[in-house]
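To keep things clear, I will list the structure first and then write my remarks on it.
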Amino acid sequence: MATQTVPSMVAHDSMFDAVLARLDAAAKTMNLSEEVSKVLRNPQKLVKVSLPVTMDNGKVEVFEGYRCIHSTYLGPSKGGIRYAMDVSQDEVMALAAWMSFKCAVANLPYGGGKGGVKCDPRKLSVGELERITRAYTKAMADVFGVDRDIPAPDMGTSAREMAWILDEFNKIHGDDLPGVVTGKPIVLGGSLGRDAATGRGVMVCTKVALKKLNIDPKNATAAVQGFGNVGGHAARLLSEQGIKIVAISDHTGAFYNENGIDIKAALDYAAKNDRVLKGFKGGTEITNEDLLTCKCDVLVPAALQNVITEEIAHKIHAKIVVEGANGPTVPEADHVMREKNILVVPDILANSGGVTVSYFEWVQNKMGYYWSEKEVNDKHDANMELAFASVWENSNTFKTSMRIAAYITALKKIEQAAKLKGFF
Ligand code: GLU
């Protein structure tokens with residue numbers, strides 16, 4: 001079969017423009033006040049730093065770091081730190097804005113922020129990554145804070161980086177506050193259930209969406225793009241619900257099996273194979289485009305942004321798209337999927353499980369009292385179902401897509417808070 005291709009990244013020049021396109025559409029539909037719309041079109045704070053770091057070969061390299069705080073109307077800003085080569089001002093601005101809307105949709109007392117360092121974590125040693133992370137934390141020492149701005153993992157970072165951030169931040173401030181960062185290792189105050197939470201939220205949204213379309217999960221098929229923290233857990237949890245996973249992929253390959261891929265075998269394979277699927281024998285190798293357009297009921301893009309272009313949208317067979325990634329769909333593709341009557345569960349709802357359990361972690365840190373995994377999962381599932389229901393209701397009330405309805409759900413809350421707090 002055809003060889004692996006990298007998903008198209010050309011769809012939209014500016015990710016922040018993609019946010020504004022949806023913001024404008026929602027603002028018009030709900031009649032958002034002009035001043036709030038104006039305020040939300042600009043991030044509240046944008047910090048850019050240069051990080052000189054000594055590499056293993058003794059040479060100094062300078063890395064570019066960002067933190068964008070989009071809004072703090074509903075509470076301290078919350079959002080992950082991304083390590084990737086395409087990290088840029090435009091990207092963090094878009095991702096920070098999505099965090100504002102995501103936290104509001106999930107009913108969390110947070111605003112939105114996002115950070116990143118432009119680097120390729122796959123090409124860096126553990127020591128280099130630690131020095132970059134500590135340099136970044138030092139540069140952001142006055143930005144982060146337990147009740148100010150709370151980072152978490154995102155693409156290219158994990159609990160390990162959060163431990164370094166926690167340690168560096170507390171050394172600088174002379175405190176021992178576990179709640180300054182979430183997604184930490186359990187032994188440092190992390191929450192049970194946090195690691196799988198984003199994938200779990202995708203699973204809950206999928207179940208609710210299938211129910212809306214009267215499809216029994218036991219008769220449903222799904223394709224999952226991405227096999228990292230989000231896609232890997234999502235594929236596992238969906239298959240545990242009896243859903244047949246016919247296609248999976250990561251950046252090294254995509255695989256299809258109409259009889260269903262053994263997800264446990266795929267996870268075991270990746271765990272022993274440098275965490276990649278390359279060489280996996282549980283399916284036929286296909287391209288990423290084949291995966292996105294294959295015959296299935298549910299498509300879960302859980303890898304990169306901008307993969308569902310207008311062209312791809314025309315070819316999608318799935319009845320439901322559940323966006324595990326942030327920004328996987330370009331605005332032009334929204335219209336195509338709406339015309340095709342595809343039920344799209346948008347990113348700011350579908351992947352809010354991660355930040356929801358981040359919030360639970362922060363609450364547990366503040367209490368100094370920790371919940372069982374079941375307690376965390378039950379609270380998560382209930383919160384997710386509630387968020388889905390309010391977006392669904394707004395989509396009916398305003399006769400609009402779930403995406404625009406999710407923005408409306410968020411904007412209504414942010415508008416209320418912004419008006420109460422007022423402007424200068
Ligand atoms: N990076 C994740 C996201 O995009 C989680 C953010 C958090 O837990 O603060 O939603």
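What are the residue pairs meeting all of these: first residue in the range 86-98, first residue farther than 9 Å from G115 by Cα, second residue assigned to a helix (DSSP H, G or I) and within 14 Å of the ligand (Cβ to nearest atom), Cβ atoms under 6 Å, and 6 or more apart or on different chains?
Qualifying pairs under 6 Å: D90/M15; E91/M15; A94/M15; A94/V19; A97/V19; W98/I348.
Considering each of S14, S37, S33, S50 in turn, give the residue that is out of contact with any Cys (no Cβ under 8 Å at 6 or more places or on another chain), under 21 Å from T400 (Cα atoms), small (G, A, S) and surrounded by fewer than 16 Cβ atoms within 10 Å (Cβ to Cβ).
S33
Out of S395, S401, which single residue is over 16 Å from C103 (Cα atoms), buried (at least 17 other Cβ atoms within 10 Å of the Cβ) and in contact with an Asp or Glu (Cβ under 8 Å, 6 or more places away or on another chain)?
Unique residue meeting the criteria: S401.
Counting just the residues of the range 133-150 that are surrounded by 24 or more Cβ atoms within 10 Å (Cβ to Cβ) and among the β-branched types (V, I, T), which one comes out farthest from P52 (Cα to Cα)?
The extreme case among them is I150.
Here are the criteria: (1) within 16 Å of the ligand (Cβ to nearest atom); (2) in contact with a His (Cβ under 8 Å, 6 or more places away or on another chain). Tell me which single one V330 does not satisfy.
(1)
From the residues in the range 334-373 that are touching a strand residue (DSSP E or B) at 6+ places or on another chain (Cβ under 8 Å), among the aliphatic types (A, V, I, L, M) and buried (at least 24 other Cβ atoms within 10 Å of the Cβ), which one is farthest from T206 (Cα to Cα)?
V355
Looking only at residues in the range 155-198 that are surrounded by fewer than 24 Cβ atoms within 10 Å (Cβ to Cβ), among the charged types (D, E, K, R) and closer than 28 Å to L304 by Cα, which one is farthest from the ligand (Cβ to nearest atom)?
If we take residues in the range 155-198 being surrounded by fewer than 24 Cβ atoms within 10 Å (Cβ to Cβ), among the charged types (D, E, K, R) and closer than 28 Å to L304 by Cα, then R160 is farthest from the ligand (Cβ to nearest atom).
Hey, does the range 239-258 have a residue that's out of contact with any strand residue (DSSP E or B) (no Cβ under 6 Å at 6 or more places or on another chain), assigned to a helix (DSSP H, G or I) and farther than 26 Å from V276 by Cβ?
Within the range 239-258, not a single residue is out of contact with any strand residue (DSSP E or B) (no Cβ under 6 Å at 6 or more places or on another chain), assigned to a helix (DSSP H, G or I) and farther than 26 Å from V276 by Cβ.
Looking at L23, L95, which one is more than 16 Å from the ligand (Cβ to nearest atom) and touching a helix residue (DSSP H, G or I) at 6+ places or on another chain (Cβ under 8 Å)?
L23
Quick check, is E385 surrounded by 24 or more Cβ atoms within 10 Å (Cβ to Cβ), part of a helix (DSSP H, G or I), among the charged types (D, E, K, R) and touching a helix residue (DSSP H, G or I) at 6+ places or on another chain (Cβ under 9 Å)?
It is false that E385 is surrounded by 24 or more Cβ atoms within 10 Å (Cβ to Cβ), part of a helix (DSSP H, G or I), among the charged types (D, E, K, R) and touching a helix residue (DSSP H, G or I) at 6+ places or on another chain (Cβ under 9 Å).
How many residues are closer than 15 Å to S352 by Cα and surrounded by fewer than 24 Cβ atoms within 10 Å (Cβ to Cβ) when one looks only at the range 209-231?
The number of residues fulfilling the criteria is 1.
None of the figures in this text is laboratory data; all of them are computed from the coordinates on show. Bear in mind the structure is a predicted one, so any value in this text is a computation, not a measurement. Neighbour counts are summed over all protein chains in view; Cβ atoms, including those assigned to glycine, are modelled from backbone coordinates with ideal geometry.
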